[in-house]
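The structure appears below as structure tokens.
The values are calculated or read from the model by the stated rules, or taken from the named source; none is laboratory data. Since the model is a prediction, treat every value here as computed from it, not as a measurement. Glycine also receives a Cβ, built like all others from the backbone with ideal geometry; neighbour counts cover every protein chain displayed. Ligands, DNA and RNA are excluded from the accessible area calculation, which covers all protein heavy atoms including side chains. Shrake-Rupley method; radii C 1.70, N 1.55, O 1.52, S 1.80 Å.
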Amino acid sequence: MTHQRRAAQAVFDQAKFQYSQSALRAFQEVSDALISAQKLSALEEKQQREVAALTESVAIANRRYLGGFASYYEVLEAQQLLYPAEFSLSETSRDRRLAVVQLYKALGGSWSLDDTQFANDH
């Protein structure tokens, strides 16, 4: 085997190894993004149910207060449970959307136009 041929084979082997590493990294990124999006979606659904239940609790407390069956303290207590749950839901919703963006990027997508640019171009 000539020196030139050995050098070409070494370059080829290195390129093949780098390609394999890039492919493995890309598959791992897609897998991570999919799992993250799925987990966050399930958590978001759970939190939506919790927020709905707490919203109903605030409404019931308000009706009880307006009917003279409870103090306003009961309304405040219900609201103190609702607001942090709403905040957690908004954070989870944001995180799920970011996970979807990461999935899109891992699949080779990119963000080249924003909505206004797209609307103006078409």
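What's the angle, to the nearest 10 degrees (0 to 90), between helix 3-66's Cα axis and the longest principal axis of the chain?
Once rounded, the angle reads 0 degrees.
May I ask for the percentage of alpha-carbon pairs in the chain that lie more than 20 Å from each other? Before the final figure, lay out each step's value.
Numbers: 5045 of 7381 pairs.
When every Cα pair of the chain is considered, 68 percent fall beyond 20 Å.
Before anything else, pin down the relative contact order of the chain: Cα pairs under 8 Å, at least 6 apart, normalised by residue count, whole percent.
Contact order relative to length: 35 percent.
Checking the cross-link filter: which lysines have an alpha carbon closer than 25 Å to that of K16, excluding same-chain neighbours under 8 positions apart?
The reachable lysines, counting only those whose Cα sits under 25 Å from K16, are K105.
Quick one: which residues, 5+ away or cross-chain, put their amide H under 5 Å from the amide H of A70? H built at 1.01 Å from N.
Y65
Find the accessible area per residue for the chain; the probe is 1.4 Å, ligands and nucleic acids are left out, and the unit is Å².
Working: 9540 Å² over 122 residues.
That works out to 78 Å² per residue.
Treat every Asp and Glu Cβ in the chain as -1 and every Lys and Arg Cβ as +1, leave all other atoms uncharged, and give the resulting dipole magnitude about the Cα centre to the nearest 20 debye. Mind showing how you got there, number by number?
On the way: 13 positive and 15 negative charges, 140 e Å.
Roughly 680 debye, rounded to the nearest 20.
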